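Please read the structure below before turning to the comments.
The values are calculated or read from the model by the stated rules, or taken from the named source; none is laboratory data. None of the values given here were measured: they were computed from a predicted structure. Here the Cβ positions follow ideal geometry from the backbone for every residue, glycine too, while neighbour counts run over all protein chains shown.
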Amino acid sequence: MGERLDDQIADVDGLRRRVAELRATIDRGNYEYYILDNPTLSDAEWDAAMRELRAIEEAHPVLVTPDSPTQRVGATPLGAFATVTHPLPMLSLGNVFDEAGLREWAARVYKITGRDAVECVVEPKIDGLAVALTYEEGRLTVGATRGDGFTGEDVTQNLRTIRAIPLRLREPGDGLPPVPPRLEVRGEVFLPRSGFAAINEKQAEAGKPLYANPRNAAAGSLRQLDPGITAARPLRFFAYQVGSIERALTPRAHWDALRWLKALGFPLSPDSALCATLDEVWERCRWWQERRDALDFEIDGAVVKVNQTGLQEELGQVAREPRWAIAYKFPAVQGVTRLDHIEINVGRTGALNPLAFLDPVQIGGVTVGRATLHNEDQIRRLDLKLGDWVVVERRGDVIPQIVKVLAERRDGSEREYHFPTSCPTCGSTVERVAGEAMSYCTNASCPAQLKERLAHFAGRGAMDIEGLGAERVAQFVDAGLLGDVADLYLLHERRDALLALERMAEKNTDNLLRAIEASKGRPLARLIFGLGIRHVGERNAGLLAGRFASLEELCRASLEDLVAIPGFGAIVAQSVYDFCQEGRNQALIAKLAAVGVRPEGGRPPAPTDGPLAGKSFVLTGRLDSLTRGEATARLQALGATVAATVTKKTDYVVVGEDAGSKAERAAALKRPTLDEPALLALLAEAEGGGTPGAASPDEEPVPAS
Ligand code: IVH
């Protein structure tokens, strides 16, 4: 008995040591990734350590401590947030908008301090949410939002889910002051642009309203009563200020404070600079303004802070703004204009997309005449009336949005807008699926939908029919020549009718008919993508083509078959299943076969190993010799993953012609890029066989699991 107890104790001691080791590994991984920006631990190693730790803690709950990295997720949902009083008020910042404003601010600083130069730190002004984190004996005890500056909400459970926020402080070493008994740190919680795009994709997939910008998405994510939801959002954190701390321990300068915070384990906003002169400060502000669009997070200005703590105290504050700091706000990307009218565009899935037509206004050097309104709810949320004065915002590469109605400028001439209850094109009933934000036209042969569907089917990435653009499609539909996508392949029987149309000379017509004929043998993935199934983009179409040999086989799939496809979510699977169950679609698929559409066979599923296993790619811009869909399929077949957004973990960014912001982001994040010849060389080499583990063409495909 005694012996067994000893064994158990030895065992528990061993486990404790292992737990400590695993926690140290995980913490080191986070520290290197978020703070040093220099990971030496692979994702797989980090995941393995986390899995092992979770398994041990599950088997031995006594070993769980609140600062264990496993405790970042899974706290129980709250009924409401408690209120926290800030030990020191969280101030806001005064703004200046140009160099003159900055010089005026500095003049006041010089006057009060009696100096003619003052050292300043310039930091990016991150567009997120301010939070205050309190550490007692080096452990995170409370995390709060700014609230009204005096009291905020206790969002500790949610903040704990953010991996960039340390749960325990590190000993700084290096001659720096040790971990203090009590420390309040302030900083910004934000969503990287890449994370924002991913969240909105998910929102759209679930039919939920989209977030207007990363800031709103970050706020919405942090103020979730269920920490599980926050945990699933890729929130980040930068520390920018030491808050409340024992007076004797207050760092002598802000620059020292930043160095100390970094050594304690906090991620800092990048590229902060210590400037000796005001010219340098202004230069730095302009530097940030130029880099703005290339960053993976949104900034709306630069913050200038007097460096010496003694001078900060001397300067003090007015109202709720410190005199020792100022924000240089970038020129507005907002403009004010009048809403003229709203038009509805019916998409290929039948979705009714409201579009605002505005009196043209210059915003950041671009004339804006239209803005997206997303859906009916958005119009209601804004309380938008026709003729209203509105604030329009343009950010990066997204479509301008109406962010606010200036209700105070109403003069009574504004008119209520009624969202259509019937399709503006065909007059059919409009349906709104419960729980979804979009309304849909219920008529599958609605000409507006049909035109969009045909244009999509003929487009690049799908059947790629040269010479068949949106205008020509509209012309043919209006002439009664096309009732569905399969009718394209019957057009050769209507050559005379085509020739009778405007701008359809013999040569045009025959070229077009040839292009249509040539598209019959396009790969299955493109045909599936071309069908325009809701939620099935190029990527999901590739997955389906990897699993099924033909459209007919796809149509016979059960819901279980579809859910089982790796990388497929329940919503996508359901959508594909519903599409295939619809009699009309089954008839269309039979008709496509009857008119001679014979896609190249589906590819074997992407192997989980292969010469490019574990490598992640992002494709941007146009490639000459292959479409993005083809490039994706070939990369996936070699074991690579292909993602939509560039992150620090992206291995290669393939940059084609007219590449947009992704290429800029790749440069900003210093990710390696490949041009088309380099991509082709890489594919040729990886596909060339000889690499151990790569399947030869006649081997049985390895099902990915
Ligand atoms: S310092 C007294 N530094 O800007 C110092 N604020 O308008 C107050 N912000 O609520 C804050 N980046 O949310 C500071 N590097 C930075 C910042 C920053 C963003 C935000 C913060 C604050 C707001 C003030």
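Quick notes on this one:
- Pairs where the first residue, in region 578-595, is closer than 22 Å to His535 by Cα and the second is part of a helix (DSSP H, G or I) and charged (D, E, K, R), C-beta under 9 Å, 6+ apart: Ile589/Glu552
- Residue list for region 116-134, restricted to those being within 19 Å of Leu315 (Cβ to Cβ) and either within 16 Å of the ligand (Cβ to nearest atom) or touching a residue at least 12 places away in the same chain (Cβ under 8 Å) (or both): Ala117, Val118, Glu119, Cys120, Val121, Val122, Glu123
- Considering only residues in region 476-510 that are assigned to a loop (DSSP other than H, G, I, E, B) and loosely packed, with under 14 Cβ neighbours inside 10 Å, the one that is farthest from the chain's Cα centre (by Cα) turns out to be Ala500.
- Residue among Ser550, Ser558 that alone is surrounded by fewer than 18 Cβ atoms within 10 Å (Cβ to Cβ), modelled with pLDDT of 90 or more and under 19 Å from Leu592 (Cβ atoms): Ser550
- If you filter region 94-107 down to residues that are within 16 Å of the ligand (Cβ to nearest atom) and part of a helix (DSSP H, G or I), you find that the one that is surrounded by the most Cβ atoms within 10 Å (Cβ to Cβ) is Trp105.
- Scanning region 196-253 for residues that are out of contact with any Phe, Trp or Tyr (no Cβ under 8 Å at 6 or more places or on another chain), assigned to a helix (DSSP H, G or I) and within 15 Å of the ligand (Cβ to nearest atom) yields Asn216, Ala219, Leu222.
- Pairs with Cβ under 8 Å, 6+ apart, first in region 53-69 and free of Cβ contacts under 8 Å to residues at least 40 places away in the same chain, second surrounded by 12 or more Cβ atoms within 10 Å (Cβ to Cβ) and outside any helix (DSSP H, G or I): Leu53/Ser68; Glu57/Val64; Glu57/Ser68
Condition check ((1) in a loop (DSSP other than H, G, I, E, B); (2) within 25 Å of Asp340 (Cβ to Cβ)) across all residues:
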{"site": "Leu454", "(1), (2)": "no, no"}
{"site": "Phe457", "(1), (2)": "no, no"}
{"site": "Gly467", "(1), (2)": "yes, no"}
{"site": "Ala474", "(1), (2)": "no, yes"}
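- Residue identified as outside any loop (DSSP other than H, G, I, E, B) and of a type in the set (D, E, K, R) among Arg539, Arg534: Arg539
- Number of residues in region 348-381 that are of a type outside the set (Asp, Glu), crowded, with 18+ Cβ neighbours inside 10 Å and not in a strand (DSSP E or B) equals 7.
- Filter pass, Glu290 being within 15 Å of the ligand (Cβ to nearest atom), surrounded by fewer than 15 Cβ atoms within 10 Å (Cβ to Cβ) and in a helix (DSSP H, G or I): no
- Residue list for region 167-195, filter: hydrophobic (A, V, I, L, M, F, W, C) and either within 16 Å of the ligand (Cβ to nearest atom) or outside any loop (DSSP other than H, G, I, E, B) (or both): Leu183, Val185, Val189, Phe190, Leu191
- Test: Val346 is in contact (Cβ under 8 Å) with a residue 40 or more places away in the chain and either touching a helix residue (DSSP H, G or I) at 6+ places or on another chain (Cβ under 9 Å) or more than 16 Å from the ligand (Cβ to nearest atom) (or both): yes
- Residue pairs meeting the criteria (Cβ under 7 Å; at least 6 apart or on separate chains; first over 9 Å from Arg320 (Cα atoms), in region 82-97; second away from the ligand (no atom under 12 Å from the Cβ) and of a type in the set (Ser, Thr, Tyr)): Thr83/Thr151; Val84/Thr151; Thr85/Thr151; His86/Thr151; Pro87/Ser244; Leu88/Ser244
Yes/no per residue for (1) away from the ligand (no atom under 12 Å from the Cβ); (2) within 19 Å of Trp255 (Cβ to Cβ); (3) modelled with pLDDT of 95 or more; (4) among the hydroxyl-bearing types (Ser, Thr, Tyr):
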| residue | (1), (2), (3), (4) |
| --- | --- |
| Pro270 | no, yes, no, no |
| Trp282 | yes, yes, yes, no |
| Asn307 | yes, yes, yes, no |
| Gln317 | no, no, no, no |
| Lys329 | no, no, no, no |
| Arg338 | yes, no, yes, no |
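- Residues being outside any strand (DSSP E or B) and surrounded by fewer than 17 Cβ atoms within 10 Å (Cβ to Cβ) - total across region 257-277: 5
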